[in-house]
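These notes concern the structure reproduced below.
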């Protein structure tokens, strides 16, 4: 027993000594392989979901058997009202466990798909609206608990012109929501989702202002996600051009210290399989050099861009997911 322990100690010491001789970039990539895994966001299949040709219950099996991934992220709209069906949620959790899938985060969008109108916002200047938004998100905290997710993602949409006021309103709402979610150890994460949240400096101020272990960020690679001035946050405006763009690489770097997940947003690819709007090699290096460990989630948006007339030769959902996964595997 002592000999084995001594032998393992010597092997580990040798590995450490050799690692110290490696260039930083090579070492960081080696360590990244140990701390990063790939998950799939159901939003990648939005066209099928909106046409009701896709059932969330089939997602765990798809993630495992079709794409051979270990983690799944969900989207509130994909539940199509089934979030209030306890039997349905239990079945989803059971199928996830059967397929050895980790349920991670629910992206919560308070949008009525039939009218494309947004509901009350957590960042609203009206206290009554903030109260309604908090109650809405509490239900999704409960859903997250039931299916085994560790977080829900929220939006902070506001027409307020004073950024400090938006910070105060958002902080008030998030603190109240966290008081509810922490009972079940569910995190609240804020994605850079355009508008004020596309400003990484403002996001850092929000994280520091609240300073809770139950609050974090969800850095997203998307260019529009770092668009500070674009217009309304809705599906129909997804192809609009940006007026004020925050540098995405600088933005992801600033958001990573608070990250509880990462969204590898993709749209279109060149003949070599590289994403046209994001340097994945650079993004993965940023993530690898951070203290983050966990899942990077494939979030292919090309199919829905095509659905709303984006003007590119986008792949379908299946091919886009495969292309994004290959790109992540290339650089992780």
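Odds and ends about this structure:
- A single entry from 303, 264 fulfils the requirement of being touching a helix residue (DSSP H, G or I) at 6+ places or on another chain (Cβ under 8 Å), in a strand (DSSP E or B) and either at positive phi or touching a residue at least 12 places away in the same chain (Cβ under 8 Å) (or both): 264.
- The stretch 289-314 - residue that is surrounded by fewer than 21 Cβ atoms within 10 Å (Cβ to Cβ) and at pLDDT 95 or above and, of those, nearest to residue 72 (Cα to Cα): 294
- Residue match in the stretch 128-138 (condition: in a strand (DSSP E or B) and closer than 20 Å to residue 197 by Cβ): no
Conditions tested, residue by residue: (1) under 30 Å from residue 258 (Cα atoms); (2) in contact with a strand residue (DSSP E or B) (Cβ under 9 Å, 6 or more places away or on another chain); (3) assigned to a loop (DSSP other than H, G, I, E, B).
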position: 287; (1), (2), (3): yes, yes, no
position: 292; (1), (2), (3): yes, yes, yes
position: 295; (1), (2), (3): yes, yes, no
position: 299; (1), (2), (3): yes, yes, no
position: 313; (1), (2), (3): no, no, yes
position: 320; (1), (2), (3): yes, yes, no
position: 324; (1), (2), (3): yes, yes, no
position: 327; (1), (2), (3): yes, yes, no
position: 330; (1), (2), (3): yes, no, no
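- For beta carbons closer than 9 Å, sequence separation of 6+ or different chains, a first residue in the stretch 284-296 that is on the phi > 0 side of the Ramachandran plot and a second that is assigned to a helix (DSSP H, G or I) and surrounded by fewer than 21 Cβ atoms within 10 Å (Cβ to Cβ), the qualifying pairs are 294/35.
- Any hit, the stretch 155-175, residues being more than 24 Å from residue 43 (Cα to Cα), surrounded by fewer than 17 Cβ atoms within 10 Å (Cβ to Cβ) and in contact (Cβ under 8 Å) with a residue 40 or more places away in the chain: yes
- Of the criteria (1) buried (at least 23 other Cβ atoms within 10 Å of the Cβ); (2) in a helix (DSSP H, G or I); (3) within 17 Å of the chain's Cα centre (by Cα), which one residue 207 fails: (1)
- For the stretch 222-276, the set of residues classified as farther than 20 Å from residue 190 by Cβ, loosely packed, with under 14 Cβ neighbours inside 10 Å and at pLDDT 90 or above consists of 270, 271, 272, 273, 276, listed by residue number.
- For the stretch 69-77, the condition of being farther than 20 Å from residue 263 by Cβ and either modelled with pLDDT of 95 or more or over 23 Å from the mean Cα position of the chain (by Cα) (or both) holds for none of the residues.
- Single condition residue 63 does not satisfy, out of (1) modelled with pLDDT of 50 or more; (2) closer than 17 Å to residue 264 by Cα; (3) assigned to a helix (DSSP H, G or I); (4) touching a helix residue (DSSP H, G or I) at 6+ places or on another chain (Cβ under 6 Å): (4)
- The one condition from (1) more than 20 Å from residue 148 (Cα to Cα); (2) crowded, with 17+ Cβ neighbours inside 10 Å; (3) out of contact with any strand residue (DSSP E or B) (no Cβ under 7 Å at 6 or more places or on another chain) that residue 44 does not meet is (3).
- Within this structure, residue 181 fails the test of being closer than 18 Å to residue 259 by Cα, more than 19 Å from the chain's Cα centre (by Cα) and assigned to a helix (DSSP H, G or I).
- Meets criteria (out of contact with any helix residue (DSSP H, G or I) (no Cβ under 8 Å at 6 or more places or on another chain) and buried (at least 17 other Cβ atoms within 10 Å of the Cβ)) for residue 69: no
- For the stretch 90-114, filtering for residues that are in a helix (DSSP H, G or I) and crowded, with 20+ Cβ neighbours inside 10 Å leaves 2.
The values are calculated or read from the model by the stated rules, or taken from the named source; none is laboratory data. The shown structure was predicted, so the numbers you read here are calculated from the model rather than taken from an experiment. Note: ideal-geometry Cβ built from the backbone for every residue, glycine included; neighbour counts use all protein chains shown.
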